[in-house]
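Below is one structure, written out as structure tokens; comments come after it.
The values are calculated or read from the model by the stated rules, or taken from the named source; none is laboratory data. These figures come from a predicted structure and were not determined experimentally. Don't worry about glycine lacking a Cβ; one is built from the backbone with ideal geometry, like all the others, and counts go over all protein chains shown. The area values use the complete protein model at the heavy-atom level, side chains included, leaving out ligands, DNA and RNA. Shrake-Rupley method; radii C 1.70, N 1.55, O 1.52, S 1.80 Å.
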Amino acid sequence: MIKIGMGQDLHRLVSGRRFLLGGVQLPAEKGEAGHSDGDALAHAVIDALLGAAALGDIGGIFPPSEPALKDADSMALLRSAFGMVKRAGWRLVNLDCVVCCESPKLLPFRDAIRASLSEALEVPAEMVFVKGKTAEGLGPVGEGRAVQALAVCLLERGDSPVMRKEAKHEAEIRN
Ligand code: MG
């Protein structure tokens, strides 16, 4: 079986906070507000994974009212959420993400972010992609007051159509 999941998150950008995306700190004047470390991309990925596996959502599993999660490392939360997904029998096929912010430009940091996410999710880096977009100066993202992250993932478990096709192909080669 294969299942798609999607996640979205938006955090305000404020002075005196780090700007973290997928566990990578980017140079920026402002950073993400949040109860945890504010890593909007990590949060979107967590929701994509949990959604695909129908295991809940980040707000329910890591509630912002929980004092222990104050300034929490969002990549640790991601590893914890992925652990739940794995225990349910799923493995990640691929992850695709979009980050919308006016600055800084994401491209110089893309490969570091991909490496960080792929390491946490136990897949090769080519199974993870991240694209940066601006909002053309429009809305809270365009005005530099927020960062938005979107993530889509594909999970696979058991005898998915992809695995059946691969098995059939293998059998054909052998015969
Ligand atoms: Mg969040």
Add +1 for every Lys or Arg and -1 for every Asp or Glu among the other residues with Cβ under 15 Å from the Cβ of Gly144, and state the total. +1
Kindly provide the helix-only [θ] at 222 nm of the chain, computed as the sum of -39,500 (n - 2.57) over DSSP H runs of four or more divided by all residues, to the nearest 500 deg cm²/dmol? -10500 deg cm²/dmol
Give the distance, in whole Å, between the Cα centre of the stretch 73-128 and the Cα centre of the stretch 1-33. 12 Å
What residues of the stretch 118-132 lie in the reach of a label at Ala112, counting those whose backbone N is under 18 Å from a point 7 Å from the Cα along Cα→Cβ? 118-120, 125, 129-132
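List the GluC sites (Glu not before Pro) in the stretch 113-160 that DSSP assigns to loop (not H, G, I, E or B) and whose Cβ has at most 10 other Cβ atoms within 10 Å. Which are they? Kindly include the intermediate steps, with their values, before the conclusion.
On the way: sites: Glu119, Glu122, Glu126, Glu136, Glu143, Glu156; in loops: Glu122, Glu136, Glu143.
Of the GluC sites (Glu not before Pro), the ones in loops of the stretch 113-160 whose Cβ has at most 10 other Cβ atoms within 10 Å are Glu136.
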Given the protein chains as shown and a 1.4 Å probe, how many square angstrom of Phe82 are accessible, to the nearest 10? 10 Å²
Leaving out ligands, DNA and RNA, and with a 1.4 Å probe, what % of the accessible surface on the chain is carbon or sulfur? 56 percent
